[in-house]
Amino acid sequence: MRKLVWMGMVGCALAPMLKVAPASADAGGWCLDTVTEFVSGQDIPESVTTDDSGNLYVSLGNSILQRTPDGSVEVFATLPLPIFALGLKQGPDACIYAASTSLSEVLGAFVWRACSAGTAEAFAELDHTGAPNDLAFDDAGNLFVTDPVLGRVWKLDPAGTPAVFVEDPLLEGDPDDPALLFRALGVNGIAFDKQQQFLYLSNSDQGTIVRVDMQSDPPSAEVFAESPTLRGADGIAFDRAGTLYVAVNALDAVVSVDHHGQVRVRSDGSPLDSPSSLVFGATGTTHHQLYIVSSAFMRTLGLKPGTPEPALLSARVAVPGLRLR
């Protein structure tokens, strides 16, 4: 049985009481709590999302785990194929959606839907030469899915019918210099701004944040931010003030990007270990909590030295998060 340890948000909350240093703090006062530890050298958690009740969902292998507000962690759903669940999002129907890919001969490019514990059904089948990664819903119920291998974003209507939404050189990876070493990866994380005027995308290899004008026809992409600090960028999430937070997988860092495209490192180094995804809490008591998955995949696969530290972490931030829909 997989061993998961609920840490109970102890690092920062009890640090003053116990007179010990918190897990991590940068010059701006950020502090990271360990919420759930995974098995070092074995587990590679990839994505995190939340629902309106405060449950957190984490993709791990071909499973979707659920962490309830009381701290218990159980398998919520298992994909019926030996493939990898990646990006997760709750849909407007309250179901949990997951993108998946395969690193073997098994066809794995799907979007799955889990509407209750123990169930997972295929919602859409995509191009199996690619690797669907992250998800975002618009207010009309359309689902947008990044593919960092094909350098495209898919659009799925509410019935699950897929069409290519945008392809652009700005979304492509760099096979000559992949940021994550094992494979060229382009467009990766995805999030809408508050007005859904723009769709924001991270590009791992190019170290950019790209935005797509949702009003243009055809959709047009432009670079919004570019920095060496963004190289290896993965999951992204907005706060209510329009600041974009980025999990920078290759640099063991979380950074922010302001309205002007200026990049600031918020926290880096242990316990951050190949952070791949982040999400703001969705309840009244967790709106200021930014949950971060440290996938630890580079150290687990031997691409970086050191002991892997896979975990679900949390930081309390000043501005609450933007609702995902």
Restricting the search to segment 68-95, which residues are under 22 Å from G130 (Cβ atoms) and of a type in the set (A, V, I, L, M, F, W, C)? L79, L81, I83, F84, A85, L86, L88
So which residues in segment 90-140 are among the small types (G, A, S), surrounded by 15 or more Cβ atoms within 10 Å (Cβ to Cβ) and not in a loop (DSSP other than H, G, I, E, B), if there are any at all? A98, A99, S100, A114, A124, A136
Going through segment 58-89 one residue at a time, which ones are open to solvent by 10 Å² or more (accessible area, probe 1.4 Å), in a strand (DSSP E or B), hydroxyl-bearing (S, T, Y) and more than 23 Å from A159 (Cα to Cα)? S63
Exactly one of L181, L185, L244 is closer than 30 Å to A122 by Cβ and among the hydrophobic types (A, V, I, L, M, F, W, C), and that one is L185
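Take segment 246-260 and flag every residue that is open to solvent by less than 10 Å² (accessible area, probe 1.4 Å) and either under 15 Å from the mean Cα position of the chain (by Cα) or on the phi > 0 side of the Ramachandran plot (or both). Explain how you work it out, then say what you get.
Of the residues in segment 246-260, the ones open to solvent by less than 10 Å² (accessible area, probe 1.4 Å) are 246-249, 253-257.
Within segment 246-260, V246, A247, V248, N249, A253, V254, V255, S256 qualify.
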Suppose we keep only residues that are over 18 Å from A253 (Cβ atoms) and not hydroxyl-bearing (S, T, Y) within segment 285-313. Which one would you say is farthest from the chain's Cα centre (by Cα)? G302
Restricting attention to segment 45-68, which residues are out of contact with any strand residue (DSSP E or B) (no Cβ under 7 Å at 6 or more places or on another chain) and in contact (Cβ under 8 Å) with a residue 40 or more places away in the chain? D52, S53, G54
Return the pair list, or none, for Cβ contacts closer than 8 Å from residues in segment 196-208 that are closer than 11 Å to G235 by Cβ to residues that are of a type in the set (D, E), at least 6 apart or on different chains. S202/D234; S204/D234
Pairs under 6 Å by beta carbon, first residue closer than 14 Å to I96 by Cβ and without any contact (Cβ under 8 Å) to a residue 40 or more places away in the chain in segment 114-130, partner in a strand (DSSP E or B) and open to solvent by 50 Å² or more (accessible area, probe 1.4 Å), six or more apart or different chains? E121/R113; F123/R113
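Would you confirm, using the coordinates I've provided, whether S267 is within 25 Å of V145 (Cβ to Cβ) and touching a residue at least 12 places away in the same chain (Cβ under 8 Å)?
Details: within 25 Å of V145 (Cβ to Cβ): no; touching a residue at least 12 places away in the same chain (Cβ under 8 Å): yes.
When the stated conditions are applied, S267 does not pass them.
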From V265, V319, V279, V293, grab the single residue that is in a strand (DSSP E or B), among the β-branched types (V, I, T) and either open to solvent by 10 Å² or more (accessible area, probe 1.4 Å) or within 22 Å of D174 (Cα to Cα) (or both). V265
Residues that are over 22 Å from V149 (Cβ atoms) and either crowded, with 21+ Cβ neighbours inside 10 Å or at pLDDT below 95 (or both): does segment 200-212 have at least one? no
Conditions first: (1) open to solvent by 40 Å² or more (accessible area, probe 1.4 Å); (2) at pLDDT 95 or above. L272 passes all but one, so which condition is the exception? (1)
What number of residues in segment 247-289 are touching a Gly at 6+ places or on another chain (Cβ under 7 Å) and aliphatic (A, V, I, L, M)? 6
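The values are calculated or read from the model by the stated rules, or taken from the named source; none is laboratory data. The model shown is predicted, which means the values in this text are computed figures rather than measured ones. Cβ atoms come from the backbone with ideal geometry, glycine included; neighbour counts cover every protein chain shown. All accessible areas refer to the heavy atoms of the entire protein, side chains included, with ligands and DNA or RNA removed. Shrake-Rupley method; radii C 1.70, N 1.55, O 1.52, S 1.80 Å.
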